[in-house]
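I have placed the structure first, in the form of structure tokens, so that the comments after it can refer back to it.
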Amino acid sequence: MPTVFITGARTGLGQEFASQYGAAGWKVIAPTRSDMDVTDNKSIQAYVASLDGAPVDLLINNAGVRSTEPAACKLGAFTLDAWLPSLAINAVGPALVTQSLVENLKKGEQKKVVTLSSRLGSIAGGGGSNSGGSGSSYYAYRVSKSAVNQVNRCLSIDLGPFGFTCVVMNPGWVKTKMGGAGASMSPQDSVEALRGLIAQLDPSRNGQFLEVDGTVLPW
Ligand SMILES: NC(=O)c1ccc[n+]([C@@H]2O[C@H](COP(=O)([O-])OP(=O)(O)OC[C@H]3O[C@@H](n4cnc5c(N)ncnc54)[C@H](OP(=O)(O)O)[C@@H]3O)[C@@H](O)[C@H]2O)c1
């Protein structure tokens with residue numbers, strides 16, 4: 001059976017991906033933040049070394065944060081320190097993790113890298129409003145997801161020649177710690193839909209930004 005590697009798997013969508021792929025018979029490697037912090041290169045390299053070169057078919061860069069601190073959300077209150085964790089976890093983390101897993105992924109049959117982005121990272125699709133729930137503008141979160149879209153573009157160019165398919169996906173608005181109880185989708189339904197899309201991915205989709213319903217999102 002194929003192998004999936006999922007970051008940030010303690011809660012939310014990461015936990016649900018692990019549970020559904022496990023139930024479908026996949027080998028699941030699902031580190032939590034305490035096993036592997038996606039902003040800590042040493043911790044990533046040590047965790048990947050423990051796999052001893054085992055093939056990985058699918059990497060899901062799931063770990064993420066959405067700061068609600070005014071200093072990361074509200075014009076007039078910004079500080080650099082409040083922004084940096086969002087940028088590090090949401091944008092740099094997927095680059096670090098993918099980099100460390102490239103050799104394992106090259107040995108896998110599927111060669112798929114899926115990074116969870118967000119509709120809030122779409123500059124063209126965000127409309128004229130800055131809103132993002134609770135009156136917050138989520139500047140740092142939006143910027144981090146726009147940035148990870150660019151990370152995906154760069155990965156797709158570097159890894160495409162090796163047969164990789166690298167995409168960013170919006171999971172919908174999902175009832176997790178991040179999405180909140182008022183969200184429109186359950187983690188079960190979101191992950192079931194995303195798994196269906198992932199199963200259909202092939203290199204013709206390399207570099208795309210996909211909505212949970214399979215439509216292509218504007219950058
Ligand atoms: N829920 C939504 O509506 C929604 C919408 C659009 C996009 N997304 C994206 O979907 C992904 C999953 O979100 P979610 O809703 O499942 O959120 P969640 O319930 O808050 O889960 C996020 C997970 O990421 C982990 N994490 C945070 N920082 C980490 C780090 N430095 N290293 C490793 N793991 C780390 C967390 O670990 P701890 O629990 O240990 O902190 C947690 O398990 C995120 O990338 C998010 O931006 C979600």
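The values are calculated or read from the model by the stated rules, or taken from the named source; none is laboratory data. Bear in mind the structure is a predicted one, so any value in this text is a computation, not a measurement. Counting neighbours? That spans all protein chains shown, and the Cβs are built from the backbone with ideal geometry, glycine included. Remember, those area values only see protein heavy atoms, side chains included, never the ligands or the DNA or RNA. Shrake-Rupley method; radii C 1.70, N 1.55, O 1.52, S 1.80 Å.
Tell me whether the chain comes out rounded, prolate or oblate; compute the Cα gyration tensor, take square roots of the eigenvalues as a ≥ b ≥ c, and use a/c under 1.5 as the rounded threshold.
Here the chain falls in the prolate category.
Could you pull the accessible area for LEU217 with a 1.4 Å probe, rounded to 10 Å²?
10 Å²
Can you work out the FRET efficiency for the pair VAL216 and ALA183, with r the C-beta to C-beta distance and R0 = 25 Å, to the nearest 0.05?
Calculated value: 0.65.
Full extension from ASP81 to ASP35: what is 0.36 nm times the residue separation minus their Cα-Cα distance, to one decimal in nm?
Full extension of this stretch gives 14.1 nm more.
By how many nm would the segment from GLU192 to ASP52 grow when fully extended, if each residue of separation counts as 0.36 nm and the alpha-carbon distance is taken off?
Taking 0.36 nm per residue and subtracting the Cα distance, the gain is 47.4 nm.
Build a GNM of the chain with springs between Cα atoms under 10 Å: which of SER86, SER19, SER144 gets the top mean-square fluctuation?
Of SER86, SER19, SER144, the Gaussian network model singles out SER19 as fluctuating most.
What does the charge count near LEU58 come to, summing +1 for each Lys or Arg and -1 for each Asp or Glu among other residues with Cβ under 14 Å from its Cβ?
+4
Ranked from the most accessible area to the least, with a 1.4 Å probe and all protein chains present, what is the order of LEU51, LEU194?
From most accessible down to least: LEU51, LEU194.
Let me have the 222 nm mean residue ellipticity of the chain computed from DSSP H runs of 4+ only, each contributing -39500 (n - 2.57), with the sum over all residues rounded to the nearest 500.
Theoretical 222 nm ellipticity from helices: -11500 deg cm²/dmol.
Calculate, in nm to one decimal, what SER204 and LYS106 gain on full extension: separation in residues at 0.36 nm each, minus their alpha carbon distance.
Full-extension gain reported as 33.5 nm.
Considering only ASP158, ASP57, ASP35, give the residue with the highest GNM mean-square fluctuation for the chain, with springs between Cα atoms whenever their separation is below 10 Å.
ASP158
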